[in-house]
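Student: The following block contains the structure, expressed as structure tokens.
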Amino acid sequence: MIRFDDILDKLSYLPEKDLTLLKKAYVFAAQAHQGQTRRSGEPYLSHPLEVAAFLAEMKMDPTTISAGLLHDVLEDTPTTADELNQIFGSEVTHLVEGVTKISRLQEASPTTRHAESLRKIILAMTDDLRVIFIKLADRLHNLKTLKYLDEEKQQQIAQETLDIYAPLANRLGMGKIKAELEDLSFRYVDPESYFRIASIVDPIRKDAEKTLKKTKKTMASLMRENQIPAEIQHRIKRLYSIYNKMKKRGITFEEVYDFMALRLITDSFSNCYHALGIIHEHWPHIPHRFHDFIAMPKSNLYQSIHTTIIVGKKKTIEVQIRTKKMHEIAEHGIAAHWRYKEPTILPDAEQNLRLQWLREMVDLYQENKSPQYFLRSLKSNLIPEDITVLTPKGDRVSLPLGASALDFAFKIHTEIGLHAAEARINSRPVPLKTILKSGEIVEIITRPDIYPRREWLNMAFTHAARQHIRRWLNQQQRQQHIAWGKHLWQKVASQQGWPATPPEFFLQALAKLTNLKIKNEETLYSLLGRGKLTFSRKLIQRLAQLPPEEAKRASLIKRMVPRLSRRTLSEATLIKDKTTSFRLAKCCHPIKGEPIIGYLTVGEGITIHAQRCPLVVQERLNPERIVEISWPSSAGGPFPAQLEIATEDRPGLLAQITTVIAEQQANIKQAKASVFSDGQALISLLITVKDYPHLKKIQQEIKKIAAVLSVSQK
């Protein structure tokens with residue numbers, strides 16, 4: 001078990017006066033957790049001490065380390081937030097509260113509680129990022145003691161780490177803790193793959209170490225000869241990193257070119273490129289394995305030059321070249337900004353770039369506060385951003401691998417995305433669905449008459465773009481429902497002598513009887529337009545039986561009853577375009593020009609049925625939901641039509657019929673013929689026509705054929 005004195009030894013970067021807060025936090029935590037033990041049998045205090053030790057290794061400020069010592073007192077001891085605030089102040093209390101799980105949702109499912117706790121942490125991060133530093137340190141030590149838990153709990157915690165916490169560390173640029181979290185989780189999530197990769201690596205590890213040390217010695221000598229200050233480190237690729245690369249790229253172990261790696265840390269940008277030239281001059285390199293992340297940093301602000309050299313008998317070594325500051329940021333990411341006495345290691349502009357995804361995440365959450373939705377969104381937003389494209393002005397924009405030009409448009413600005421007409425990549429026009437590649441210059445052309453269509457959801461990859469598209473489509477659908485519902489109300493109100501605007505008491509009575517939330521007339525119109533509410537005779541009678549609050553109310557409702565017809569009819573024009581929720585019934589396939597009726601379908605708007613439809617003829621539709629509609633002149637085809645032709649069994653008859661249909665410029669989609677023993681036949685045809693008169697003309701021409709007995713539309 002680590003001792004508090006061991007932590008103090010790590011704090012040489014702090015002045016003596018700043019240790020007072022830490023000592024007070026240690027004493028308080030020791031008293032609060034007294035008598036508590038962990039599953040391992042160790043005193044519970046060992047856990048906050050380990051968390052504080054890790055934060056000290058990261059050279060965090062005394063407030064953060066103190067909060068690390070106290071991070072479990074609110075959750076696991078009787079200590080209250082008020083008590084903590086009185087003793088340690090609001091800053092420490094805020095950090096401790098930020099990492100405390102939500103325990104009040106005992107009746108909720110484990111998934112909901114987990115999602116709510118994560119949401120709480122993410123929202124706390126927007127106020128103070130140190131919350132996540134403490135949480136990551138807490139998770140790291142819990143993984144180190146995972147062996148004391150049952151197998152199911154081990155897998156749950158390890159998988160959650162790979163899904164959420166390791167990607168979160170990566171997005172914050174904290175490469176060192178990300179690597180530790182992944183390695184500790186891998187063995188529990190997929191032990192079979194863990195031991196399979198280990199069985200490949202272990203036999204060659206010794207030889208790899210030998211090759212690395214030999215190459216490192218030669219490289220160090222070359223740097224001295226050229227007077228380039230350099231610290232050179234070596235490493236063998238981690239088991240999880242090997243597994244992940246093989247799985248994602250579908251490659252074999254032999255194709256993992258960065259199994260061995262050297263890291264050269266120097267003092268300046270110019271010496272990074274000078275060292276690169278010397279290395280390429282001395283060793284052959286693989287051209288397609290070269291990446292300059294100094295000139296084009298990753299989205300988490302990682303900077304380094306990567307090149308892969310060939311040494312010995314076709315062995316490959318990845319070489320990473322960076323400055324000391326780049327190395328600091330690569331290892332500890334945005335946490336380096338909180339290093340004591342080093343507040344400027346990350347400029348504000350770079351901080352804002354690194355945290356842009358977090359602000360977008362919180363903005364999206366404000367629109368939909370479902371915990372499960374938040375968890376899905378978080379996992380989506382934690383996908384590493386692997387490509388960087390440029391605007392025409394040269395500004396860098398980071399996007400996930402697989403993002404389209406449409407994603408780029410929404411990333412630049414919501415309005416640009418909503419009105420995106422086309423894209424240009426490197427000045428060449430391309431569709432909005434085009435997948436982007438790093439380094440491309442992307443421009444979006446907008447038009448004010450362009451708006452999202454539902455198929456855009458298949459063109460967008462990022463969660464943010466899809467959310468903006470869905471929100472716009474939902475808003476349009478809601479406005480459409482309100483407009484249609486208002487039309488229904490006004491028509492019925494006109495026929496029955498009701499007020500043009502539903503009075504307040506009427507809305508209240510209606511809400512009470514139907515158990516629907518009807519706050520205002522707009523809500524009423526929306527419910528009518530969606531088919532969630534219809535004015536049946538029974539409903540109006542019940543309204544009339546309610547004790548009125550005022551005499552005028554009673555008289556108004558009573559006037560409604562005798563005027564209510566059995567079938568509530570309204571008139572509308574069928575508008576067939578992308579914004580209206582009319583759809584043609586599949587049971588009868590109505591054709592423009594033939595008599596039709598509309599049927600208000602719950603949640604789907606108006607379904608159009610032909611009056612010949614069996615559902616209409618047999619009166620199987622609820623009459624209260626039927627509305628009268630008419631075809632507009634702009635309604636376009638083609639429309640499918642099913643014909644049944646009774647004929648005599650004559651050779652070549654089918655050919656005659658198809659010729660007639662072709663002459664009438666109709667298209668046959670399907671044909672089926674049956675011959676009967678009495679010498680007659682039945683031909684079923686599925687054709688497409690322009691409109692109902694076109695269909696009637698085809699029927700007339702078919703009837704002129706001598707052997708045809710009858711032609712009917714099915």
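Student: Given the criteria in the same structural domain as Ile310 (by TED's automatic domain parsing), over 16 Å from Val201 (Cα atoms), over 32 Å from the mean Cα position of the chain (by Cα) and aromatic (Phe, Trp, Tyr), does Tyr257 qualify?
Tutor: So Tyr257 fails the test.
Student: Next up: Have a look at Arg471, Arg478, Arg530 and point out the one that is modelled with pLDDT under 85, surrounded by 14 or more Cβ atoms within 10 Å (Cβ to Cβ) and either of a type in the set (Gly, Ala, Ser) or under 24 Å from the mean Cα position of the chain (by Cα) (or both).
Tutor: Arg478
Student: Further, regarding this structure: If Ser46 satisfies every condition in (1) buried (at least 20 other Cβ atoms within 10 Å of the Cβ); (2) of a type in the set (Ser, Thr, Tyr); (3) over 38 Å from the mean Cα position of the chain (by Cα) but one, which is the exception?
Tutor: (1)
Student: Return yes when Arg466 is part of a helix (DSSP H, G or I) and either touching a residue at least 24 places away in the same chain (Cβ under 8 Å) or polar (S, T, N, Q) (or both) and no when it is not.
Tutor: No; evaluated as a whole, the condition is false for this residue.
Student: Yes or no: the stretch 85-106 includes at least one residue that is at pLDDT below 70 and of a type in the set (Ser, Thr, Tyr).
Tutor: yes
Student: Across the stretch 24-40, what is the total count of residues that are in contact (Cβ under 8 Å) with a residue 12 or more places away in the chain and either surrounded by fewer than 13 Cβ atoms within 10 Å (Cβ to Cβ) or touching a Ser or Thr at 6+ places or on another chain (Cβ under 6 Å) (or both)?
Tutor: 4
Student: Let me confirm something: among Ala230, Ala220, which residue is surrounded by fewer than 17 Cβ atoms within 10 Å (Cβ to Cβ), aliphatic (A, V, I, L, M) and in the same structural domain as Met326 (by TED's automatic domain parsing)?
Tutor: None of the other options fit; the residue is Ala220.
Student: So which of Ser304, Ser299 ends up being at pLDDT below 95 and either surrounded by 15 or more Cβ atoms within 10 Å (Cβ to Cβ) or of a type in the set (Asp, Glu) (or both)?
Tutor: Sole residue among the options that is at pLDDT below 95 and either surrounded by 15 or more Cβ atoms within 10 Å (Cβ to Cβ) or of a type in the set (Asp, Glu) (or both): Ser299.
Student: Take Thr79 and tell me if it is over 19 Å from Ala137 (Cα atoms) and of a type in the set (Val, Ile, Thr).
Tutor: The answer is yes for Thr79.
Student: Then there is this: From Leu136, Leu181, grab the single residue that is surrounded by 19 or more Cβ atoms within 10 Å (Cβ to Cβ), at pLDDT 90 or above, within 24 Å of the chain's Cα centre (by Cα) and not assigned by TED's automatic domain parsing to the domain that holds Asp18.
Tutor: Selected residue: Leu181, the only one of Leu136, Leu181 that is surrounded by 19 or more Cβ atoms within 10 Å (Cβ to Cβ), at pLDDT 90 or above, within 24 Å of the chain's Cα centre (by Cα) and not assigned by TED's automatic domain parsing to the domain that holds Asp18.
Student: Sticking with this one: If you scan the stretch 70-89, which residues turn out to be more than 35 Å from the chain's Cα centre (by Cα) and not in a loop (DSSP other than H, G, I, E, B)?
Tutor: Listed by number, the residues that qualify are Asp82, Glu83, Leu84, Asn85, Gln86, Ile87, Phe88.
Student: Of the numbered conditions (1) at pLDDT below 95; (2) within 19 Å of Ala179 (Cβ to Cβ), Ala261 fails exactly one; give the number of that condition.
Tutor: (1)
The values are calculated or read from the model by the stated rules, or taken from the named source; none is laboratory data. Given the structure is predicted, the values throughout are model-derived calculations rather than measurements. All Cβ positions, even for glycine, are placed from backbone atoms using ideal geometry, and neighbour counts span all protein chains on display.
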